[in-house]
Amino acid sequence: MAETFDREYWEDRYRGHDHGKGGHPNPRLVAEVADLTPGTALDAGAGTGADAQWLAARGWTVTAVDISRAALDAARERAGDLEAGAAERITWVRADLTEEIPGGGGFDLVSSHYVHPTGGYRAFFDRLASAVAPGGTLLIVGHDPAEAHGHTGSLSESHVSAQEIASGLDPGVWEVVVAESRRREVERGGRRATMHDAVLRARRRG
Ligand SMILES: C[S@@+](CC[C@H](N)C(=O)[O-])C[C@H]1O[C@@H](n2cnc3c(N)ncnc32)[C@H](O)[C@@H]1O
């Protein structure tokens, strides 16, 4: 039976786990955002907060949103180690991003990593795109379909290619800067594995 990635699914996944301190930001975020001037950012599907912390430490004012309260509780705890100033630049918000964008929009950066909402991608990506300010950046990283073939052997609603994401962006409004599949090696259960990320970076024309 197909999995439903609803709130209960994510609460179950985070509840009762010790998420520890620290955590590493996504390498795609680090690579794509390093050259941007810090402003306001939406971390859409923040999980336990490593990306939001990294952004805040670099001077971004971050609205970190997740559907799971357990994830945000862990994220807040982890953020306790941030230096003064950085921690205050993060606002943690529990919300369903398929229904609303907390803060309304106008973000200089909207960043979303591996969020695959129930109900499909299109409306979700449209909503994220609408939250980017003129001149701002949309960064979406997903599980590339190549990963399903090489890793789990099955293609599910959690997979999307960068081209599919880009196809929803009006070229009159968006300049696509990056739309590609990128491989990375990870350690999983003591074994090396190859992940395939779909990376979409686009700039909203000013
Ligand atoms: C695979 S995790 C990735 C977490 C984090 N972005 C990372 O890269 O480590 C997906 C996250 O998206 C959140 N999420 C899923 N659907 C959501 C929705 N509709 N609104 C807000 N957050 C959602 C989940 O709770 C989960 O924390």
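The values are calculated or read from the model by the stated rules, or taken from the named source; none is laboratory data. What you see is a predicted model, and the numbers here were worked out from it, not measured in a lab. As a convention, Cβ positions derive from the backbone with ideal geometry for all residues, glycine included, and neighbour counts pool all protein chains shown. Heavy atoms of the whole protein, side chains included, go into the accessibility calculation; ligands, DNA and RNA do not. Shrake-Rupley method; radii C 1.70, N 1.55, O 1.52, S 1.80 Å.
Some notes on this structure:
- Residue selected from segment 115-132 under the condition within 12 Å of THR4 (Cβ to Cβ) and buried (at least 17 other Cβ atoms within 10 Å of the Cβ), by the criterion farthest from the ligand (Cβ to nearest atom): HIS116
- Hey, LEU72 under 21 Å from VAL177 (Cα atoms), within 14 Å of the ligand (Cβ to nearest atom) and surrounded by 19 or more Cβ atoms within 10 Å (Cβ to Cβ) or not: no
- Residue list for segment 185-206, restricted to those being part of a strand (DSSP E or B), more than 16 Å from VAL141 (Cα to Cα) and modelled with pLDDT of 95 or more: ARG204
- Residues being acidic (Asp, Glu) and touching a residue at least 12 places away in the same chain (Cβ under 8 Å) - total across segment 10-29: 1
- Some residue of segment 171-184 being hydroxyl-bearing (Ser, Thr, Tyr) and either at positive phi or at pLDDT 95 or above (or both): yes
- Cβ-Cβ under 6 Å pairs, at least 6 apart or on other chains, segment 30-44 side within 16 Å of the ligand (Cβ to nearest atom), far side small (Gly, Ala, Ser): LEU42/ALA131; ASP43/ALA52; ASP43/ALA64; ASP43/SER111; ALA44/SER112
- Residue that is aliphatic (A, V, I, L, M), open to solvent by 20 Å² or more (accessible area, probe 1.4 Å) and within 16 Å of the chain's Cα centre (by Cα), where the choices are VAL62, VAL93: VAL93
- Of note, SER111 does not satisfy the criterion of being open to solvent by less than 10 Å² (accessible area, probe 1.4 Å), within 19 Å of ASP6 (Cβ to Cβ) and at pLDDT 95 or above.
- Any hit, segment 40-51, residues being open to solvent by 30 Å² or more (accessible area, probe 1.4 Å) and either out of contact with any Lys or Arg (no Cβ under 7 Å at 6 or more places or on another chain) or under 24 Å from ARG127 (Cα atoms) (or both): yes
- Residues that are charged (D, E, K, R) and open to solvent by less than 50 Å² (accessible area, probe 1.4 Å) do not occur anywhere in segment 15-26.
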